[in-house]
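Report on the structure given below.
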Amino acid sequence: MNRSPILIGYYTMVRKDFIRIVRIWSQTLLPPVITTALYFAIFGTFIGSQVKAINGLSYISFIVPGIVMMSLITSAYMNTVSTFYFAKWQRTIDEQLVSPMPMWTIIAGFVTGGVMRGMIVGVLVVATSLFFTHLVIFNALIIFCAAILTSLLFSFAGLVNGIFAKSFDAISIVPTFVLTPLTYLGGVFYSVNQLPPFFRTLSLGNPILYMVNAFRYGFLGVTDVSIAVCFAVMGGLTVFFFLLTLFLFIRGAGLKR
Amino acid sequence: MSSTSTTPESALKIVDLKKVYDTGTEALKGVSLDIKQGEFFGLLGPNGAGKSTLISMVAGLTTKTSGTIEVAGISVDKDPDKAKSFIGLVPQEFNFNIFEKVEDIIVDQAGYYGIPRPEARTRAEKVLTQLGLWEKRGDTAMALSGGMKRRLLIARALVHEPKILLLDEPTAGVDVELRRGMWDFLRELSANGTTIVLTTHYLEEVELLCSRLAIINKGEIIEEGSVKELIAKLNYVTLLLDTKEPILEAQKVLLRDLKIKKVDETTLELTLNPGETVNDAFRKISATGIQVSNIRNSGSRLEEVFVNIIEKDSNHA
């Protein structure tokens, strides 16, 4: 396959997933909007109005970037893990595996679907937040880069989960028992500088902390950790998961018999 | 295992192909095959013989333990993407998304082969029309009957116009009329130069369609040759004779020097050993006063060969 047929194969996969995401919007796009609207109303407005300012910002302004990031992470992850596992379970993945598309193109097709859904949900949740607070943008480029890198990273991670999953239960274990706790403890609702030294140090081992802080820095110009470290962590993990996915695909793990 | 020779016109060349699963099961124990371009090749074997494993290894869905596979002279190890572009696979199981529309399944598959969307739509119309599914293009795959789903698998495998079509039991569970229609379609495809490799349980299918076949059992090729060559190995003929009147015991006694068996009141099973002729047997039958109204083959000739070979192989194991 020369470059053009590869692009056609990639475009076919992306187009198909985009149509699916939009067609089943009540399962893919609406739930994060409803959930985050409740977060904004309850934690931001009702409880947040009684919480003192963090880094000179109102509580709702402080939590909006983290909540957007939380939705983006979950959406990107769930998109690849569910589409990939479903393709594996129904064996529709064979349609791509028998074709001359190189492995990296198949990976790119699945991952782009996750990035696409993560970014669409991110925009929708930011739009929802406007009903509760004013939008402040400190650096649009940092917001964009943090959002792209995070959705890319969790799309790869979802794919790895999908490769190893042997049942529908296995695709919900990581989001429920790993992703959700890490996100809640990743500084979405508080600044880690408010924590006792031990827990602050412990929090620095949570990769989601760096994503939330990079995103918050882009919106508000405040961060608990160095922005350079944030991007180094996101970039490093993205490269790691990309290489891991490529290795697993080439070996045929969970794909070939 | 049969030997193979290198020829430039090989469509599919497999040498010493082995597959050992993680569980330790040896699915293929060194299979070699050389299928020529334009051949209609049959792969016969009982359940679990290794037919589907072989097909899916050629298509790139199963990893091989050792051995080599060349598709139209292209090694699947050196240039897997190019080798795959020559192959169309019709799997045994339905592996399309049942929630997708028939036309979308075909057009998207063409896309994976790098065919631009407008051309893919034209090709989809062509293959769906050929297989009698164009009227159903707007329906989801879920709404199709079993036979239609089988045809959809064939249409999907043909949309990129492959040089080699691998069919893994394509007529399983398909009614007789539809099966015959499918045979006509495959014959036409073969006549147009497509190399076809067919695995099936229907021996009649192989007898009618294939120019050459291999019998695989327990992961090994135990016979290979043309259908005529294999049938020639059968050194006896069994015929069923329908009689006008019920056969009397006294008449049967008179036929004791023939290998004859009474199936029911008006049917005899006659087995002719090497050297015996139908004329000799009928002279003896006529002498007893039995009047034969109809003669039939006792079953598929190939089926007898197949059963004999498999039984012999199992006894040796």
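Please work out if A:I137 is assigned to a loop (DSSP other than H, G, I, E, B) and hydrophobic (A, V, I, L, M, F, W, C).
So A:I137 fits the description; yes.
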Answer residue from segment B:205-251, given it is charged (D, E, K, R) and surrounded by fewer than 16 Cβ atoms within 10 Å (Cβ to Cβ) and is modelled with the lowest pLDDT among those
B:K233
Every residue from segment A:193-226 that is assigned to a helix (DSSP H, G or I), of a type in the set (A, V, I, L, M, F, W, C) and touching a Gly at 6+ places or on another chain (Cβ under 9 Å):
A:I208, A:L209, A:M211, A:V212, A:F215
Quick test of your reading of the structure: B:L208 fulfils all but one of (1) touching an Asp or Glu at 6+ places or on another chain (Cβ under 9 Å); (2) in the same structural domain as B:V58 (by TED's automatic domain parsing). Name the failing condition by number.
(1)
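Does A:V126 satisfy the condition of being surrounded by 22 or more Cβ atoms within 10 Å (Cβ to Cβ), of a type in the set (A, V, I, L, M, F, W, C) and assigned to a helix (DSSP H, G or I)?
Values: surrounded by 22 or more Cβ atoms within 10 Å (Cβ to Cβ): no; of a type in the set (A, V, I, L, M, F, W, C): yes; assigned to a helix (DSSP H, G or I): yes.
When the stated conditions are applied, A:V126 does not pass them.
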Answer with yes or no whether B:L17 is within 18 Å of the chain's Cα centre (by Cα) and surrounded by 23 or more Cβ atoms within 10 Å (Cβ to Cβ).
no
What single numbered condition from (1) within 13 Å of chain A (Cβ to nearest Cβ); (2) touching a Lys or Arg at 6+ places or on another chain (Cβ under 7 Å) fails to hold for B:I55?
(2)
Just one of (1) part of a helix (DSSP H, G or I); (2) modelled with pLDDT under 95; (3) more than 18 Å from A:I73 (Cβ to Cβ) trips up A:K16, so point out which.
(2)
Identify, by number, the condition in (1) surrounded by 19 or more Cβ atoms within 10 Å (Cβ to Cβ); (2) within 14 Å of another protein chain (Cβ to nearest Cβ); (3) not charged (D, E, K, R) that A:V160 doesn't meet.
(2)
Within segment B:83-102, which residues are in a helix (DSSP H, G or I) and either more than 7 Å from every other protein chain (Cβ to nearest Cβ) or in contact with a Gly (Cβ under 7 Å, 6 or more places away or on another chain) (or both)?
B:A83, B:K84, B:V102
Considering segment B:103-116, residues that are part of a helix (DSSP H, G or I) and not aliphatic (A, V, I, L, M), and then whichever is farthest from the other protein chains (Cβ to nearest Cβ), we arrive at B:E103
Being free of Cβ contacts under 8 Å to residues at least 60 places away in the same chain and in a strand (DSSP E or B) is the filter here, so list the residues in segment B:192-232 that pass it.
B:G225, B:S226
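I'd like to check something: does segment B:137-145 contain any residue that is more than 23 Å from A:R20 (Cα to Cα) and either in a helix (DSSP H, G or I) or within 11 Å of chain A (Cβ to nearest Cβ) (or both)?
Looking for residues that are more than 23 Å from A:R20 (Cα to Cα) and either in a helix (DSSP H, G or I) or within 11 Å of chain A (Cβ to nearest Cβ) (or both), one finds none in segment B:137-145, hence no.
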B:K78 being more than 27 Å from the chain's Cα centre (by Cα), on the phi < 0 side of the Ramachandran plot and touching a residue at least 24 places away in the same chain (Cβ under 8 Å):
no
Considering every residue within segment A:22-42, establish whether at least one is within 14 Å of chain B (Cβ to nearest Cβ) and within 30 Å of A:L185 (Cβ to Cβ).
yes
Surrounded by 18 or more Cβ atoms within 10 Å (Cβ to Cβ), away from every other protein chain (no Cβ under 11 Å) and touching a Gly at 6+ places or on another chain (Cβ under 8 Å): does that describe B:L158?
yes
Note on segment A:176-188: residues in contact with a helix residue (DSSP H, G or I) (Cβ under 6 Å, 6 or more places away or on another chain) and either basic (K, R) or assigned to a helix (DSSP H, G or I) (or both) are A:L182, A:T183
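Taking segment A:227-252 as the region of interest, how many residues are touching a residue at least 24 places away in the same chain (Cβ under 8 Å), within 14 Å of another protein chain (Cβ to nearest Cβ) and surrounded by 14 or more Cβ atoms within 10 Å (Cβ to Cβ)?
2
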Return the pair list, or none, for Cβ contacts closer than 7 Å from residues in segment A:85-96 that are touching a residue at least 12 places away in the same chain (Cβ under 8 Å) and facing chain B (nearest Cβ under 7 Å) to residues that are of a type outside the set (D, E) and in a helix (DSSP H, G or I), at least 6 apart or on different chains.
A:Q96/A:I106; A:Q96/B:Y112
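The values are calculated or read from the model by the stated rules, or taken from the named source; none is laboratory data. Being a predicted model, the structure only gives us computed values, none of them experimental. Note: ideal-geometry Cβ built from the backbone for every residue, glycine included; neighbour counts use all protein chains shown.
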